[in-house]
Amino acid sequence: MIQRPKGTVDILPEEIAKWHYVEDKARDILSRYRFREIRTPMFEHYELFARGVGETSDVVSKEMYDFKDKGDRHIALKPEGTAPVVRAYIENKLYGPEHHHPYKVYYLSPMFRYERPQGGRQRQFNQLGVEVFGDSQALIDVETIALAWEILTGLGISDLELVINSLGDIDSRIAYRQALIDYLEPFEGQLSEDSKTRLHKNPLRVLDSKDPKDKEIVKDAPSILDFLSEESKERFDLVQSLLDQLVIPYRIDANMVRGLDYYQDTIFEIMTKNEVFGAETTICGGGSYSGLVKELSDGKQDVPGFGFAIGLERLMLLLEAQEVALPDTDPLDVYLVTIPGIQVENSLPLIEAIRQQGYSCQLDYKHRKPGKQFRDADKLGAKFVMTLGESELEEGALNVKDMASGEEKKFAIDQIKEQFSDVIASFHANA
């Protein structure tokens, strides 16, 4: 039997209602912040991620699914969403004066990374991400962080911790880069192989190492916050002040660098210590990438950006672990019980008329006894149950039962077909 590839999952109809609720809730919040949806291809040219994300990053060097297509083009399944959105921003000239800025977009998309599958982390996974183009200031940073915080807390998630840091501007990073190399070189022989490779190519990536020995070494490394330019320091101070004004709690972690090379100035992660993951886990992460548009446009455009991404699989696990009660997003409005002898030509036009009025309707297809149909209606959580038999057809009317109150009323079949909302309203009028 052919099975799904390792690191992938089937999201079944029984689970998808939760996904729809989360996505719809997020879309509602995003619309209030004036974000619009963008959709980019599932695959891009390899060079986009090599240049945009960084060849020394784990994403590009170890995890990316890349291949040569039949035209010998080097293609990669997208491992993250920011570089493709930046490419679309540049290619479609969204920086032009006819487009309002800051230019705000979001995406809901599958991503692909080759890594060890584990709870909430698959080789094909889904992300909700946002990108803001056109302004580089603390206000944009904090507004976008506040958006991420509202999406997560708006879903009812607790035990969250916001962690922030600043990577500074280019001048700050150049000064810090040399100080970090000077600190790490005496420990070079003790570093992991990956960190040895990164030491002179991209020393900040050593701070992001998951190797226990590397973590022990870098805990006493110099802090990038001590190397911030005056402009970067003022921006980061204002970020903290604005977060305080919004009463969003946070912690500063001077060793946090994020996993992608394009970040500058403000970065952040929203974390949870929920036991479902076995350790502190990042649910959302992002930050400022002021040089990425310039890099991918070969210097032709220099537009700052800020964004974040939320891993939806981890989010679903967290909602379940915290037993967050989600509303029923797949309600059954009407169940039609048919008495034996009723033909489909009598029942189908009735339920189709109800469906066309915007209500969900279920019909028993096996012609079972009425008792079993009533139990099925109760199991499915039907709001209303109607009974159709020979006597109802002769009379031109049938009983409708409100399952919540137990009240029953008789209505003309033609009225049900034409204005089922009036039927519902008649029950609510007596409530």
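The values are calculated or read from the model by the stated rules, or taken from the named source; none is laboratory data. Please read all numbers here as calculations on a predicted model, not as lab measurements. Cβ: placed from backbone, ideal geometry, glycine included. Neighbour counts: every protein chain shown. Heads up: the accessible areas ignore ligands, DNA and RNA and are worked out on the full protein's heavy atoms, side chains in. Shrake-Rupley method; radii C 1.70, N 1.55, O 1.52, S 1.80 Å.
For the stretch 295-342, which positions are in a helix (DSSP H, G or I) and either among the aliphatic types (A, V, I, L, M) or under 30 Å from Val9 (Cβ atoms) (or both)? Answer for the stretch 295-342, where residues must be in a helix (DSSP H, G or I) and either among the aliphatic types (A, V, I, L, M) or under 30 Å from Val9 (Cβ atoms) (or both): Leu296, Leu312, Glu313, Arg314, Leu315, Met316, Leu317, Leu318, Leu319, Glu320, Ala321.
Going by what's in this entry, would Lys104 be described as assigned to a loop (DSSP other than H, G, I, E, B) and open to solvent by 10 Å² or more (accessible area, probe 1.4 Å)?
On the way: assigned to a loop (DSSP other than H, G, I, E, B): no; open to solvent by 10 Å² or more (accessible area, probe 1.4 Å): yes.
Against the criterion (assigned to a loop (DSSP other than H, G, I, E, B) and open to solvent by 10 Å² or more (accessible area, probe 1.4 Å)), Lys104 does not qualify.
Per this entry, Ser61 is counted among residues that are more than 26 Å from Val132 (Cβ to Cβ), small (Gly, Ala, Ser), assigned by the TED database to the domain that holds Leu128 and free of Cβ contacts under 8 Å to residues at least 40 places away in the same chain. Within the stretch 154-176, if we keep just the residues that are at negative phi and assigned to a loop (DSSP other than H, G, I, E, B), the residue that is nearest to the chain's Cα centre (by Cα) turns out to be Leu155. Of the residues in the stretch 191-198, none is open to solvent by less than 20 Å² (accessible area, probe 1.4 Å), out of contact with any Pro (no Cβ under 8 Å at 6 or more places or on another chain), aliphatic (A, V, I, L, M) and closer than 16 Å to Arg258 by Cβ.
Go over the candidates Glu216, Glu231 one by one and state the one that is over 23 Å from Gly54 (Cα atoms), in a helix (DSSP H, G or I), of a type outside the set (Ser, Thr, Tyr) and free of Cβ contacts under 8 Å to residues at least 12 places away in the same chain.
Working: Glu231 fails: free of Cβ contacts under 8 Å to residues at least 12 places away in the same chain.
Exactly one residue qualifies, and that residue is Glu216.
Screening the candidates Leu246, Leu162, Leu184, Leu228 for the property of being open to solvent by 40 Å² or more (accessible area, probe 1.4 Å), of a type in the set (A, V, I, L, M, F, W, C) and in contact with a helix residue (DSSP H, G or I) (Cβ under 9 Å, 6 or more places away or on another chain) yields one hit, Leu246. Being of a type in the set (A, V, I, L, M), in a helix (DSSP H, G or I) and in contact (Cβ under 8 Å) with a residue 40 or more places away in the chain is the filter; apply it to the stretch 12-42 and report the residue that is surrounded by the most Cβ atoms within 10 Å (Cβ to Cβ). Filtering first and then ranking leaves Ala26. The set of residues in the stretch 264-279 being open to solvent by 10 Å² or more (accessible area, probe 1.4 Å) and either touching a residue at least 12 places away in the same chain (Cβ under 8 Å) or of a type in the set (Val, Ile, Thr) (or both) consists of Gln264, Asp265, Glu269, Met271, Lys273, Asn274, Glu275, Val276, Phe277, Gly278.
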